[in-house]
Number of protein chains: 2
Amino acid sequence: MSTEASDHSGIRDVVTDVSGEKLARAATIGRGSPVLAFDVGGTDIKSALFDADGTALGLRRTPTPAGGEGGAERLIERLAELADDLREQHPDVEPSAIGLVVPGIVDEKNGIGVFSSNLGWRDAPLRALAAERFGMPVAFDHDVRAASWAEHVLGGARSYENSVVLIIGTGIAGAILIDGHPHTAGGYAGEIGHSPIGDWPCPCGARGCLEAVASAGAISRRYAEASGTPVGGAKEVIALAAAGDEIAARVWDEALDALTLSIAQLTAVIAPQAVVIGGGLSRAGGALFDELNARLRDRLSFHRIPALVPAELSGNAGILGSALWAREAAAVGEEGSA
Amino acid sequence: MSTEASDHSGIRDVVTDVSGEKLARAATIGRGSPVLAFDVGGTDIKSALFDADGTALGLRRTPTPAGGEGGAERLIERLAELADDLREQHPDVEPSAIGLVVPGIVDEKNGIGVFSSNLGWRDAPLRALAAERFGMPVAFDHDVRAASWAEHVLGGARSYENSVVLIIGTGIAGAILIDGHPHTAGGYAGEIGHSPIGDWPCPCGARGCLEAVASAGAISRRYAEASGTPVGGAKEVIALAAAGDEIAARVWDEALDALTLSIAQLTAVIAPQAVVIGGGLSRAGGALFDELNARLRDRLSFHRIPALVPAELSGNAGILGSALWAREAAAVGEEGSA
């Protein structure tokens, strides 16, 4: 059973009926066709029905079914169950398309989940499987690119036609917007977390990847390794650095230098107007944004320094992006049948 | 006086009447409106009239007038003289547009030469000045981006909708093609030569720029500095390295590592299908391309490694790109007057 409460701003808090976890407030996506939206992650699936006002109904988080052999089919079955629940709870809302966003390497043009180590698929025809199961148009995309699209339409990147969104959490994921369009290169673009900037080993098999030094996960891990003391997260390392802990200061300094170098490269090569930073590390505020700004100005010259802005949609950006793309698929579906 | 000789392939050798220097063979740009094309460099201007068959007539190289105060106006006057010469020599060919490409930071959308240290202008309204002087539509672009466009339409990049062109000579210039369109970001994109990858000083004022280690100019300079022996060019350093000279081997190895790192970053971030390499260093052949290929595969993992292909248009890519853009301007001009 879900409890919902809306306030005067059209924003709605939702308490999930499965994990019991209260999700962050979801902004509405504006008026349009009702759609079903899913944001599939390595451990859980967010699902919701977006009504004609663009409000998320029944937004909840449930566990992702096991990966491996048959994982793609199990996932689609689970989505169908979630859809049935949503339609039962809101019989008056008739969705006309599905949004489905997934992690890994995603070829959104051909509707293929190319590779996901967590979910255990290779070349899974997820869009076709979903379209067959639901009998509706399916919008299919990469989770972080969908989240970045939501930031572009509704959030921190909405003033810019050329931007890069970096989500810095356990790892570092990126998405690139060129002249108002996502640049994907068949799913291979935007791997800024696995862009090499040094010579250290990365679990991915490459050397010198940004995320092995500068993700929130790497900051905690590197501090724990160097100090012998486990910490609760990057936030704690940043606080220790501010309080004078030398190991914490070094780990944080190296993370900032690595992020600065990567953003400097983005600046020289694709020259985004803005770099929008989300994920857990973005909550460090000035300790992150002011430092990056100063270091970026220090190491570049004639280049056009991008605005560094915080992401605004928090953990819901993925499902909002999924719903936005589903709206597009619904519009195309209506044109097709008109 | 110019002497011209064509062969059965429709390609024409041209001997210039000013510098006396024989230009490399220019491929034709195909059938279309006759246009005047200019490729302005720091030391010389290439000019030619392209006829309806797309053959370059009167292609020659003449000195660029002095920069500094009034430099933009002097340049336009010089272009008008060159145009008069060409029209006198070929009275039967009636050009309907001008192509003008220049170095530096170039805002091609607004027709502005934002900055050129060699030519000494800042925010020069070059397209407007040329349009006023010639009374014809003017296509205006950055020299290397125009050269890259020619490689995309006619040369080494023609099989790819997503590519990066690197011109490695005295410096390193780059241009980015996304989904078949040049990505410029107001003139700030493609500065791959000034993308930082280390901590060494660069004359531009930034730290760690690629071109300070990996351009042909840097390779010669770094060898001369380390050995105390001047060399004739990067080609000589590569030959010395192959012959067992330890200093040459180290300088060349560092250049290859720096290029590998930059191309690895391009691969992770924008994932081009191909990186097209031109300029003097590209003539190193296998010593460059085979090494970069092997090193790139060694340092990356799941990434999609781009094809590394040599540029094909050599020193004429700039004026060919200028003529191609002029054709586009002519087409727009005709639509406008129809």
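Rule-based calculations on the coordinates, nothing more; no lab input. Keep in mind that what you see is a predicted model, and the values were worked out from it rather than measured. Here the Cβ is made from the backbone with ideal geometry for all residues, glycine too, and neighbour counts use every protein chain on show.
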> Of A:Ser322, B:His90, A:Ala258, which is farthest along the charge dipole of the protein assembly as shown in the positive direction, counting Lys and Arg as +1 and Asp and Glu as -1 at C-beta?
Replying inline: A:Ala258
> So, in nm, how far is label A:Asp92 from label B:Ala224 when the simple model puts each one 7 Å beyond its Cα toward the Cβ?
Replying inline: 8.1
>> If I model a spin label at B:Ser117 and A:Arg133 as a point 7 Å from the Cα along the Cα→Cβ vector, what separation in nanometres do I get?
In response: 5.8
>> With angles folded into 0 to 90 degrees, how steeply does helix A:286-299 sit against the dominant principal axis of chain A? Use alpha carbons for both and round to 10.
In response: 60
> In nm, one decimal, shortest first: how far is the label point of B:Trp200 (7 Å from Cα along Cα to beta carbon) from the matching points in the other copies?
Replying inline: 2.5
>> What distance in nm lies between label points placed 7 Å from Cα along the C-beta direction at B:Arg250 and B:Asp179?
In response: 4.8
>> Using a 10 Å cut-off around each Cβ, can you sort A:Phe38, B:Phe134, A:Phe50 from fewest to most neighbouring Cβ atoms?
In response: B:Phe134, A:Phe38, A:Phe50
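Starting with the fewest neighbours, write out A:Thr267, B:Thr184 ranked by other beta-carbon atoms found within 10 Å of each beta-carbon.
Starting with the residue having the fewest Cβ neighbours, the order is B:Thr184, A:Thr267.
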>> Could you work out [θ]222 nm for the protein assembly as shown from helices alone, using -39500 (n - 2.57) per DSSP H run of at least four and dividing by all its residues? Round to the nearest 500 deg cm²/dmol.
In response: -11500 deg cm²/dmol
>> Ranking request for peptides A:318-330, A:216-228, A:170-182: highest mean number of other beta-carbon atoms within 10 Å first, then the rest in descending order.
In response: A:318-330, A:170-182, A:216-228
>> Quick check on the protein assembly as shown: of the DSSP beta bridges with both residues there, what percent are antiparallel, nearest 5%?
In response: 65
> Taking amide hydrogens as modeled 1.01 Å from N in the peptide plane, which residues meet the under 5 Å criterion relative to B:Asp44, leaving out close sequence neighbours?
Replying inline: B:Thr64
>> Run the label-point distances for A:Arg158 please: 7 Å along Cα to Cβ, every other copy, nanometres, shortest first.
In response: 4.6
>> Using only Cα atoms and rounding to the nearest 10 degrees, what angle (0 to 90) does helix A:71-89 make with the longest principal axis of chain A?
In response: 60
> Taking Cα atoms, how many degrees apart are the long axis of helix B:216-227 and the longest axis of chain B, rounded to 10 and kept between 0 and 90?
Replying inline: 40
> Of all DSSP beta bridges located in the range B:156-311, what percent are antiparallel, nearest 5?
Replying inline: 55
> Which distances in nm, rounded to one decimal and ordered from shortest, link the label point of A:Arg133 to the equivalent label points in the other identical copies, with labels set 7 Å from Cα toward Cβ?
Replying inline: 6.6
> Lysine pairs, Cα distance under 25 Å, 8 or more residues apart or cross-chain: how many in the protein assembly as shown?
Replying inline: 6
> Full extension from A:Arg31 to A:Glu236: what is 0.36 nm times the residue separation minus their Cα-Cα distance, to one decimal in nm?
Replying inline: 69.7 nm
